[in-house]
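> Could you have a look at this structure, given as structure tokens, before my questions?
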């Protein structure tokens with residue numbers, strides 16, 4: 001299960017980022033993580049007043065039908081890019 005090990009490692013390494021990623025990068029990290037761990041987005045889209053929740057929901061919804069393994073690979077690759085690796 002090398003991919004699962006890489007994914008867990010990336011989850012730990014993302015906490016060591018030297019600077020805060022951009023909002024777009026944070027949404028990418030969030031949506032890839034959620035797609036990898038939970039699959040397709042579920043539930044209702046948050047209301048207009050919940051701007052942050054709505055952005056996160058929309059980012060995750062864009063990953064719909066992306067296989068979990070692909071989401072894990074993409075998450076690991078994004079963490080590696082952010083860490084300069």
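Read-outs: derived from the displayed coordinates by stated rules, not from any lab. Just so it is clear, the model here is predicted, and its values are computed rather than measured. Cβ coordinates were reconstructed from backbone atoms using ideal geometry, including for glycine residues, and neighbour counts include every protein chain displayed.
> Can you name every residue in region 47-78 that is without any contact (Cβ under 8 Å) to a residue 12 or more places away in the chain and either over 22 Å from residue 22 (Cα atoms) or loosely packed, with under 13 Cβ neighbours inside 10 Å (or both)?
First pass over region 47-78, keeping only residues without any contact (Cβ under 8 Å) to a residue 12 or more places away in the chain: 47-54, 67, 70, 77.
Result: 47, 48, 49, 50, 51, 52, 53, 67, 70.
> Residue by residue through region 1-22, note down the ones that are touching a residue at least 12 places away in the same chain (Cβ under 8 Å) and under 23 Å from residue 57 (Cα atoms).
Once the filter is applied, which keeps residues that are touching a residue at least 12 places away in the same chain (Cβ under 8 Å) and under 23 Å from residue 57 (Cα atoms), region 1-22 yields 7, 10, 11, 14, 21.
> Right, another one. Can you tell me how many residues within region 24-39 are closer than 11 Å to residue 59 by Cα and either over 12 Å from the mean Cα position of the chain (by Cα) or free of Cβ contacts under 8 Å to residues at least 40 places away in the same chain (or both)?
Qualifying residue count for the region: 7.
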